[in-house]
Amino acid sequence: MIQKVGVIGAGTMGFGIAFQIITNGMPVVLQDIKEESLQLAGEKLKTYLKIFREEGTLFGDSDETITNRLTFTTKIEGVAGCDLVIESATENLELKQEIFRQLDEICGENVILTSNTSSLKLSEISRNVEKHKDKVMITHFFNPAHIVPLVELLKGPDTKQETYDEVNAFMKKMGKVTIEVRREVPGLVANRIQVALAREALSLLEDGVVSERDLERAIFAGPGFRFSSSGLLKIIDFGGLDIWDIVLGQLQPEIETNVRSFSVIKDKIDQGNLGVKSSKGFFDYPGQSLDEYVIERDRSLIQQLKTFDKIQWEIEHA
């Protein structure tokens, strides 16, 4: 039974994962090699507890109780006593392989080891794992991990079903919506769909079909509006499978399928316009820091989360 969780990496994703777990009643050991990263995570914890409460979220526990569930360490040995360890380090294969090698060595044989990777293969990350071969998985959270409900789960070739079932039940207990990725593919499921959407959208922009502003409007006020209440397959059901079959036949030959570098992105990078972090990307972001814009976005996502009915979703899509 999972009663204590270790999180490796105190960056954006690691903090979000830790926050999700401690606000749902479970103690977490957050590990990072940089003391300043841990200090920043402690400050962010205070900030987000305040933000969630200001947005009307009720945790059921006091800030002090929640805060006391989180402990910090710069030593990887600090997570050895946990029942589940979630690696959320930088997307660097050699680094993740070394982390899993160390965890395999220091953790008891019943400890479950998972990676939050979004692009690397579990089979490669866990290559040096011996003792825990039947207890390795991917648990891929979506950024911001403490707000977006989705967690993608993938078993390794030697992972026991009981390990998957335990992690799946735990994530649901922590307030997450899980999906099973049945086969190891780069990008898992949601990121592949997101990249496919981005490729078509960017091709329409680059080929002069639509302006940046109107492309944003088209997605936000069209498919995005519908996606806020249902998934794609339900949209197809409402539209009619016969109609969608015709539309797919007509449009698939016209849809972007090439692998190309988009100048609409490359040119902006060359100009130093990297997005919110540089105050300019496709749009301008004046007068506030990156952190202030992130908090503004997250407040909006928290309100969206409050209207997200996880129970109804699971009943309808079981």
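The values are calculated or read from the model by the stated rules, or taken from the named source; none is laboratory data. These numbers were taken from a predicted model, which means no experiment stands behind them. All Cβ positions, even for glycine, are placed from backbone atoms using ideal geometry, and neighbour counts span all protein chains on display. The accessibility values were calculated without ligands, DNA or RNA, using every heavy atom of the protein model including side chains. Shrake-Rupley method; radii C 1.70, N 1.55, O 1.52, S 1.80 Å.
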Let me have the relative contact order for the range 48-198, percent, based on Cα pairs under 8 Å that are six or more residues apart.
-> 17 percent
Order the following by accessible area, largest value first: Met1, Met137. Probe radius 1.4 Å; ligands, DNA and RNA are ignored.
-> Met1, Met137
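Sorted by accessible area (1.4 Å probe), largest first, how do Leu84, Leu120 line up?
On the way: Leu84 0, Leu120 40 Å².
Result of the area sort, largest leading: Leu120, Leu84.
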Nearest-10 value in Å² for the accessible area of Glu36, using the 1.4 Å probe = 110 Å²
Antiparallel as a % of all DSSP beta bridges within the chain, to the nearest 5?
-> 25 percent
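Accessible area per residue for the range 181-297 in Å², computed with a 1.4 Å probe and the full protein assembly in place, what is it?
On the way: 8590 Å² over 117 residues.
Per-residue value: 73 Å².
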Top positive-direction residue, dipole computed over the range 157-307 with Cβ charges, set Gly222, Gln250, Ala201 | Gly222
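Can you pull the Rg over Rh of the chain, Cα-only, Kirkwood? List each step's numbers first, then the result.
Details: Rg = 21.0 Å, Rh = 21.5 Å.
In the chain, Rg relative to Rh is 0.97.
For the chain, what is the calculated [θ] at 222 nm in deg cm²/dmol (nearest 500), taking -39500 (n - 2.57) for each run of four or more DSSP H residues and dividing by its residue count? Don't skip to the end; give the middle numbers.
Working: 14 runs with 150 residues, N = 318.
Value at 222 nm, helices only, nearest 500: -14000 deg cm²/dmol.
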Give me the accessible area of Lys280, 1.4 Å probe, in Å² rounded to the nearest 10.
-> 80 Å²
Kindly state, to the nearest 0.05, the FRET efficiency for Arg217 paired with Leu248, given R0 = 22 Å and r defined as their beta-carbon distance.
-> 0.35
Pairwise centroid distance, computed over Cα atoms, of the range 202-242 with the range 262-302, Å = 22 Å
If unit charges are put on Cβ atoms (+1 for Lys and Arg, -1 for Asp and Glu) and the dipole of the chain is taken about its Cα centre, the option from Phe141, Gly275, Asn92 lying farthest towards the positive end turns out to be Phe141
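Within 10 Å of each candidate Cβ there may be at most 16 other Cβ atoms; applying that plus a DSSP loop requirement, which chymotrypsin sites (Phe, Trp or Tyr not before Pro) in the range 204-286 survive? All intermediate terms of the calculation are to be shown ahead of the outcome.
Numbers: sites: Phe220, Phe225, Phe227, Phe238, Trp244, Phe262, Phe282, Phe283; in loops: Phe262, Phe282, Phe283.
Answer by residue number: Phe262, Phe282, Phe283.
Please get the size of the charge dipole for the range 260-307, origin at its Cα centre, with Cβ charges of +1 on Lys and Arg and -1 on Asp and Glu, quoted in debye to the nearest 20. Intermediate values should be presented prior to the final figure.
Details: 8 positive and 7 negative charges, 44 e Å.
The calculation lands at about 220 debye.
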What accessible area, in Å² to the nearest ten, does a 1.4 Å probe give for Arg69?
-> 40 Å²
